[in-house]
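The values are calculated or read from the model by the stated rules, or taken from the named source; none is laboratory data. Keep in mind the model is a prediction, meaning the values are calculated, not measured. In this analysis, Cβ positions are derived from the backbone assuming ideal geometry, glycine residues included, and neighbour counts consider all displayed protein chains.
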Amino acid sequence: MKHSIFKSFNLWHCTWCLGAVLALSACSDDPYDFDGVVLGVESKVGKATAADARMTEVPTLQKGDLFVTHNLITTSQVGDEIVYDTVMNYCLAYDTVQFHSRWVAFRFDGSNRAKNTGRSGSDAFQDDPEIASKYYIGYNGFGSGYDRGHLCASNDRLLSEDANRQTFYMTNMSPQMSQFNQEYWVEYEQYVQGLGRDASFSDTLYVVKGGTIGNDQTLGYVYRNNGKQVAIPKYYFMALLKCKSSGYEAIAFWMEHKEYDVEADKAEMARHAISIDELEELTGIDFFSNLPDVTESEVEKTVTLASWKLN
């Protein structure tokens, strides 16, 4: 699906994916023409930028959502000099009516696959400092049998203590049934982490996760002490795009938010696997729209389970 306002490309220079089956595709985020800001999307000045919005993992932004990035400062030694750089840890689109993120997006690559820390403690939960306080929902538990379920999992971001603590912002939390969160969803999370940290599987694994928050795709609301009503998704999804020297491949998962009496093994995951095109129809979200049109069309229409270790 191609509804992105980021439509004008110059030559898309291929870096590690030279020789890719899909012409004009690339794993890098090389620049292309973009004139102006993201219309209808509120951004934090100096934080979420148009350049961030055109990264490969970022879906098309929707009018009214807050586009938020959580960044890390990295250092490297170049000769006698220390060089500082800013890299995106993860980003999200926050719906200020449903008080729930539409999606979160991030990547696994050679710069962030390492596991250098563990999960932060329960005191790490806090409102997201990158959004206005009027959108805060409070960081206490959701109650009523619902966990504060991570979208970008704590174990997705183990590069540093700072990277991990950022996953405990409440914009990254979804009211998930305890059994679903702790026994079913977590299996999908571990599957993605295994792929993402396997350098032989991909050069880069792009990940988008979320829960449905449209009026006909919610189970109801969690009511907060401050009067906010947080949507409870009826369905959850994941969209994965891998880039390797042979090109791109994609897969999506779509599952009902309920208590499951089966383990999320490979057979169960395969049962919930769909194409990106199918996921776009279900969610109304345009995934991986920053790819060249030809590449996007090819990778989003089919799923090869063997390519994702699910056969």
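Structural remarks
- When 190, 182, 166 are checked against the criterion of being part of a helix (DSSP H, G or I), within 20 Å of residue 238 (Cβ to Cβ) and over 19 Å from the mean Cα position of the chain (by Cα), 182 stands alone in meeting it.
- Residue 224 passes every criterion in (1) farther than 18 Å from residue 272 by Cα; (2) charged (D, E, K, R); (3) crowded, with 21+ Cβ neighbours inside 10 Å apart from (3).
- Every test in (1) over 22 Å from the mean Cα position of the chain (by Cα); (2) within 21 Å of residue 300 (Cα to Cα) is passed by residue 224 save one, and that test is (2).
- Just one of (1) of a type in the set (Lys, Arg); (2) touching a Leu at 6+ places or on another chain (Cβ under 6 Å); (3) part of a strand (DSSP E or B) fails for residue 115. It is (3).
- Residue within the stretch 148-168 that is under 19 Å from residue 98 (Cβ atoms), crowded, with 18+ Cβ neighbours inside 10 Å, free of Cβ contacts under 8 Å to residues at least 40 places away in the same chain and not basic (Lys, Arg) present: yes
- Scanning the stretch 128-183 for residues that are within 26 Å of residue 113 (Cα to Cα) and β-branched (Val, Ile, Thr) returns 167, 171.
- Qualifying residue in the stretch 230-251 (condition: loosely packed, with under 15 Cβ neighbours inside 10 Å, modelled with pLDDT of 95 or more and either more than 27 Å from residue 138 (Cα to Cα) or of a type outside the set (Lys, Arg) (or both)): no
- Tabulated pairs, the stretch 65-90, first acidic (Asp, Glu), second modelled with pLDDT of 85 or more and assigned to a loop (DSSP other than H, G, I, E, B), C-beta under 9 angstrom, 6+ apart or interchain: 65/96
- Near pairs, Cβ below 8 angstrom, 6+ apart or cross-chain, from the stretch 192-203 (surrounded by 16 or more Cβ atoms within 10 Å (Cβ to Cβ)) to any residue that is among the β-branched types (Val, Ile, Thr): 192/207; 196/207
- Against the list (1) modelled with pLDDT of 85 or more; (2) hydrophobic (A, V, I, L, M, F, W, C); (3) surrounded by 21 or more Cβ atoms within 10 Å (Cβ to Cβ); (4) within 18 Å of residue 166 (Cα to Cα), the condition residue 87 fails is (3).
- Qualifying residue in the stretch 268-275 (condition: within 22 Å of residue 54 (Cβ to Cβ), surrounded by fewer than 19 Cβ atoms within 10 Å (Cβ to Cβ) and of a type outside the set (Phe, Trp, Tyr)): no
- Of the residues in the stretch 224-240, at least one is among the β-branched types (Val, Ile, Thr) and within 27 Å of residue 135 (Cα to Cα).
- Residue match in the stretch 216-225 (condition: part of a strand (DSSP E or B) and of a type in the set (D, E, K, R)): no
- Residue list for the stretch 239-264, restricted to those being touching a residue at least 40 places away in the same chain (Cβ under 8 Å) and either of a type in the set (Phe, Trp, Tyr) or assigned to a loop (DSSP other than H, G, I, E, B) (or both): 245, 246, 248, 253, 257, 258, 259, 260, 263, 264
- Qualifying residues in the stretch 65-112 (those that are outside any strand (DSSP E or B) and of a type in the set (Ser, Thr, Tyr)) - the one farthest from residue 197 (Cα to Cα): 96
- Check on residue 231, aliphatic (A, V, I, L, M), assigned to a strand (DSSP E or B) and either touching a residue at least 40 places away in the same chain (Cβ under 8 Å) or over 17 Å from residue 94 (Cα atoms) (or both): yes
- Meets criteria (under 30 Å from residue 201 (Cα atoms) and in a loop (DSSP other than H, G, I, E, B)) for residue 120: yes
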